[in-house]
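All remarks here apply to the structure that follows.
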Amino acid sequence: MKILFATAECAPFFKTGGLGDVAGALPQALAAEGHEVAVILPYLTKIPSEFQAAMEDLFYDFIQVGWRRQYVGIKKLVRQGVTYYFVDNEDYFGQRELYGYYDDGERWAFFCQAVVQLLERFDFLPEVIHVNDFHTAMIPFLLKEKWHWVQAYQKIKTLLTIHNIEFQGAMDPQVLPELFGVGMERYTDGTLRMGDAVNFLKAGILYADAVNTVSPTYAEEIQTPAFGWGLDGVLRSVSGKLSGILNGIDYQVYNPADDPYLTDHFSVDDLTGKARLKAQLQKSFGLPQDAQVPLIGIVSRLTEQKGFRLMLSMMDELLGADVQVVLLGTGMPEIENGFRYYEGRYPSKFKADIAFNLRRAQEIYAGCDLFLMPSAFEPCGLSQMIAMHYGTLPIVHEVGGLKDTVEPYSPITKRGAGFSFKDFNPEGLRYAYQQAVNLCWQDHETILKMQKQAMTTDFSWEKKATEYLTLYQSLFA
Ligand code: ADP
């Protein structure tokens with residue numbers, strides 16, 4: 001099949017989270033199966049220079065963004081069987097981070113229109129356009145409402161993947177005439193409207209031929225008011241075209257046997273390297289080097305979503321146990337400062353590195369015994385899968401993708417690949433946390449068995465790519 005993947009971020013060029021990882025891995029996995037796959041994404045000046053140097057300038061043109069005539073340059077790079085098209089416009093994407101600007105609506109309006117309008121000029125006309133999150137969610141709308149008269153586009157099917165429904169792209173309704181150059185009909189008749197805004201994600205949900213989320217449980221959860229962020233009713237109305245496919249992790253990037261970020265390596269048959277990495281990690285964080293004490297890691301954005309308010313509310317209790325905890329993350333200042341406070345209070349037990357650091361992330365995944373991820377909601381989550389692949393047993397809230405990926409420890413069968421709790425409150429977290437810490441101290445044999453189960457669970461993209469392919473094909477049935 002011929003598939004065009006439209007995305008705001010994509011590893012290894014630039015990423016801020018899970019979307020970037022998926023955009024990096026899924027197209028490559030599909031290409032490896034022999035499909036023709038291209039990815040279209042913005043050209044940011046912070047793309048590493050080796051990639052910039054390898055790009056070819058394909059063509060440039062001007063498009064209308066409402067009344068503005070804007071430059072679009074298209075750069076091309078072929079990497080591991082996938083063609084990447086970069087959309088260049090200095091004003092919108094140059095010298096910037098990806099998100100968080102007053103003109104985000106305009107930037108993505110520009111991007112979506114550049115994709116659709118210039119599609120005919122690429123040497124690649126796709127059968128399926130796979131759009132992701134609100135940034136590219138207006139593409140199905142544009143195909144059906146603005147450029148429906150282009151014959152070459154009429155056969156194209158679209159899939160929208162929702163990676164996180166919290167971010168919806170709610171914009172001033174005037175964007176329709178001002179930026180998209182269309183009338184207000186679809187706002188006034190309610191189609192694109194949520195509250196008093198045009199909602200990009202809602203447009204994608206209603207106009208895409210199919211919608212999926214990144215785990216089966218999350219696909220169910222977002223149809224309820226508790227998880228739908230206001231779009232649950234819209235999602236219930238399209239439940240027939242809504243499904244869930246779990247993300248995978250890229251085994252070429254995440255492999256304890258040859259991870260370039262690590263100074264020592266290990267495998268499921270020989271975990272001695274993991275023990276040495278634990279000692280190194282303790283040393284690098286300035287913690288006592290103790291092989292026995294359960295070492296718990298956290299690598300995360302520090303936001304409400306990730307459950308850190310709950311965790312902060314019981315830090316004295318969590319650190320009262322005989323454990324060490326290391327945290328790596330950045331995010332909301334209150335949460336960062338909360339953790340800084342507890343670092344000061346428990347200097348020999350708790351260390352918080354408030355930073356984004358890919359090397360240190362790998363050192364934590366590899367060197368810890370346990371990985372704490374008490375998310376309030378979690379569309380899929382990659383961190384728990386990476387942790388398991390490195391033999392680090394996750395402690396998770398049974399929600400979304402965490403529920404679908406972590407088989408919880410059963411005291412009866414002594415099987416499992418992690419620990420989980422149902423109720424998102426201190427009693428819930430306490431239950432799973434104590435279970436994990438006690439087992440580390442008391443039953444090393446079971447922990448070892450669980451580590452092996454975790455490390456051999458198949459989280460590879462190959463399997464997931466096949467599921468996506470079946471979904472693409474179903475659009476033509
Ligand atoms: P989300 O996309 O919601 O942030 P995921 O678990 O799906 O959460 O993906 C997070 C990804 O970002 C993982 O690869 C994780 O290792 C990485 N990550 C998060 N915070 C940091 C950090 N401070 N330093 C390095 N990597 C990080």
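Select from segment 400-424 the residues that are surrounded by fewer than 21 Cβ atoms within 10 Å (Cβ to Cβ), in a strand (DSSP E or B) and out of contact with any Ser or Thr (no Cβ under 6 Å at 6 or more places or on another chain) and list them in ascending order.
SER410, ARG415
Do we have GLY329 as within 14 Å of the ligand (Cβ to nearest atom) and either farther than 21 Å from THR263 by Cα or surrounded by fewer than 22 Cβ atoms within 10 Å (Cβ to Cβ) (or both) here?
Yes.
Here are ALA275, ALA291: which of them is aliphatic (A, V, I, L, M), touching a helix residue (DSSP H, G or I) at 6+ places or on another chain (Cβ under 7 Å) and either under 17 Å from HIS389 (Cα atoms) or free of Cβ contacts under 8 Å to residues at least 24 places away in the same chain (or both)?
Every option except ALA291 fails the conditions.
Only one residue in LYS157, LYS146 is more than 20 Å from the chain's Cα centre (by Cα) and within 21 Å of ILE245 (Cα to Cα), so which one is that?
LYS157
If I ask for residues that are surrounded by 15 or more Cβ atoms within 10 Å (Cβ to Cβ), in contact (Cβ under 8 Å) with a residue 60 or more places away in the chain and either closer than 13 Å to ALA210 by Cα or among the β-branched types (Val, Ile, Thr) (or both), which ones from segment 444-456 would you list?
Within segment 444-456, just ILE447 meets the criteria.
Considering only residues that are over 18 Å from VAL115 (Cβ atoms) and more than 23 Å from the chain's Cα centre (by Cα), which ones fall in segment 36-54?
Once the filter is applied, which keeps residues that are over 18 Å from VAL115 (Cβ atoms) and more than 23 Å from the chain's Cα centre (by Cα), segment 36-54 yields SER49, GLU50, GLN52, ALA53, ALA54.
Which numbered condition in (1) hydrophobic (A, V, I, L, M, F, W, C); (2) surrounded by fewer than 16 Cβ atoms within 10 Å (Cβ to Cβ); (3) assigned to a loop (DSSP other than H, G, I, E, B) is the only one that PHE124 fails?
If we test PHE124 against (1) hydrophobic (A, V, I, L, M, F, W, C); (2) surrounded by fewer than 16 Cβ atoms within 10 Å (Cβ to Cβ); (3) assigned to a loop (DSSP other than H, G, I, E, B), just (2) comes out false.
Collect the residues in segment 278-308 that are within 16 Å of the ligand (Cβ to nearest atom) and assigned to a helix (DSSP H, G or I), keeping them in residue-number order.
Hits for segment 278-308 are LEU281, SER284, GLU304, GLN305, LYS306, PHE308.
Give me the residue from segment 339-369 that is within 21 Å of the chain's Cα centre (by Cα) and loosely packed, with under 14 Cβ neighbours inside 10 Å and, out of that set, farthest from PHE308 (Cα to Cα).
Once the filter is applied, the top-ranked residue is ARG359.
Here are GLY286, GLY273, GLY297, GLY307: which of them is on the phi > 0 side of the Ramachandran plot and surrounded by 14 or more Cβ atoms within 10 Å (Cβ to Cβ)?
Answer to the selection: GLY307.
Could you grab me the full set of residues in segment 127-156 that are polar (S, T, N, Q) and surrounded by 23 or more Cβ atoms within 10 Å (Cβ to Cβ)?
ASN132, THR136
Among the residues of segment 62-80, are any in contact with a helix residue (DSSP H, G or I) (Cβ under 6 Å, 6 or more places away or on another chain) and surrounded by fewer than 16 Cβ atoms within 10 Å (Cβ to Cβ)?
yes
Yes or no: ILE3 in contact with an Asp or Glu (Cβ under 8 Å, 6 or more places away or on another chain), in contact (Cβ under 8 Å) with a residue 40 or more places away in the chain and more than 16 Å from the ligand (Cβ to nearest atom)?
yes
What are the residue pairs meeting all of these: first residue in segment 150-169, first residue of a type in the set (Asp, Glu), second residue within 16 Å of the ligand (Cβ to nearest atom), Cβ atoms under 6 Å, and 6 or more apart or on different chains?
Once the first residue is of a type in the set (Asp, Glu) and sits in segment 150-169, its partners that are within 16 Å of the ligand (Cβ to nearest atom) give GLU166/TRP229.
For segment 170-210, name all the residues that are in contact with a strand residue (DSSP E or B) (Cβ under 8 Å, 6 or more places away or on another chain), touching a residue at least 60 places away in the same chain (Cβ under 8 Å) and among the small types (Gly, Ala, Ser).
Within segment 170-210, GLY181, GLY204, ALA208, ALA210 qualify.
Would you list the strands (runs of 3 or more DSSP E) that sit entirely within segment 339-399 and hold 2 or more residues that are within 12 Å of the ligand (Cβ to nearest atom) and among the aromatic types (Phe, Trp, Tyr)?
none
Residues being farther than 30 Å from LEU310 by Cα, assigned to a helix (DSSP H, G or I) and either of a type in the set (Asp, Glu) or modelled with pLDDT under 95 (or both): count how many of those fall in segment 425-464.
Count: 5.
For segment 180-246, please list each of the helices (runs of 4 or more DSSP H) lying entirely inside it that holds at least 1 residues being within 22 Å of ALA376 (Cβ to Cβ).
200-207, 216-221, 232-237
The values are calculated or read from the model by the stated rules, or taken from the named source; none is laboratory data. Just so you know, these numbers come straight off a predicted model, no measurement behind them. Methodologically, a virtual Cβ is constructed for each residue, glycine included, from the backbone with ideal geometry; neighbour enumeration extends over all protein chains shown.
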